[in-house]
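For reference, the structure discussed in these notes is given below.
The values are calculated or read from the model by the stated rules, or taken from the named source; none is laboratory data. Everything numeric here is computed off the predicted structure, so don't read it as measured data. Cβ coordinates were reconstructed from backbone atoms using ideal geometry, including for glycine residues, and neighbour counts include every protein chain displayed.
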Amino acid sequence: MGKTIKDFEDTLINDLDLDVPRWIEQDIDVNDVRAIIQGGCASGAYMPAVTYYQALKTMSEYGDEVLETLEGLELDSNFLGLSWSGMACYILSAAVEQWACAIEDELAEIEDELGEG
């Protein structure tokens with residue numbers, strides 16, 4: 001039996017042949033992406049971006065790649081008043097949210113195909 005729309009919700013993004021950047025946990029699934037789109041990382045939808053320790057670690061390892069994701073976007077400058085850890089969370093959250101929104105249409109297309117099958 002093929003996948004149903006309910007099965008789709010728990011499908012890992014990597015299993016859909018969509019790229020997940022190295023700086024995002026590779027076990028992220030469709031539900032996670034939808035939650036990020038709906039409420040942002042700060043809503044608790046993607047804790048690695050809002051946990052100081054993890055955000056600092058990710059930015060230390062992949063900061064240049066994360067910043068490339070944000071090229072051309074306008075970020076408000078309110079993050080400049082934050083601590084270094086707060087800045088890491090702010091920037092990483094913005095990049096994760098940008099990535100999630102960038103794959104939203106592809107997820108919708110895949111879901112539409114499942115609904116037709």
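Of everything in the stretch 10-25 that's more than 13 Å from GLU104 (Cα to Cα) and charged (D, E, K, R), which residue is surrounded by the most Cβ atoms within 10 Å (Cβ to Cβ)?
Filtering the stretch 10-25 for residues that are more than 13 Å from GLU104 (Cα to Cα) and charged (D, E, K, R), the one surrounded by the most Cβ atoms within 10 Å (Cβ to Cβ) comes out as GLU25.
Would you check which residues across the stretch 22-39 are in a loop (DSSP other than H, G, I, E, B) and in contact with a Ser or Thr (Cβ under 7 Å, 6 or more places away or on another chain) and list them?
TRP23
Which of the numbered conditions does ALA45 fail, given that it passes all the others? Conditions: (1) at pLDDT 95 or above; (2) assigned to a helix (DSSP H, G or I); (3) hydrophobic (A, V, I, L, M, F, W, C).
Only one criterion is unmet by ALA45, namely (2).
Among the residues of the stretch 34-57, count how many are out of contact with any Leu (no Cβ under 6 Å at 6 or more places or on another chain) and farther than 22 Å from LEU107 by Cβ.
7
Any residue at all in the stretch 104-116 that's under 17 Å from TRP23 (Cβ atoms) and either in a helix (DSSP H, G or I) or aromatic (Phe, Trp, Tyr) (or both)?
Within the stretch 104-116, none of the residues are under 17 Å from TRP23 (Cβ atoms) and either in a helix (DSSP H, G or I) or aromatic (Phe, Trp, Tyr) (or both).
Of everything in the stretch 67-99, what is assigned to a helix (DSSP H, G or I), within 13 Å of the chain's Cα centre (by Cα) and farther than 14 Å from VAL50 by Cβ? Give them in sequence order.
Passing the criteria: THR69, GLN98, TRP99.
Determine which single condition LYS57 fails, assuming it passes every other condition in (1) free of Cβ contacts under 8 Å to residues at least 24 places away in the same chain; (2) over 19 Å from ILE91 (Cα atoms).
(2)
When residues of the stretch 58-83 are filtered for being surrounded by 15 or more Cβ atoms within 10 Å (Cβ to Cβ) and over 24 Å from GLU106 (Cα atoms), how many remain?
Qualifying residue count for the region: 5.
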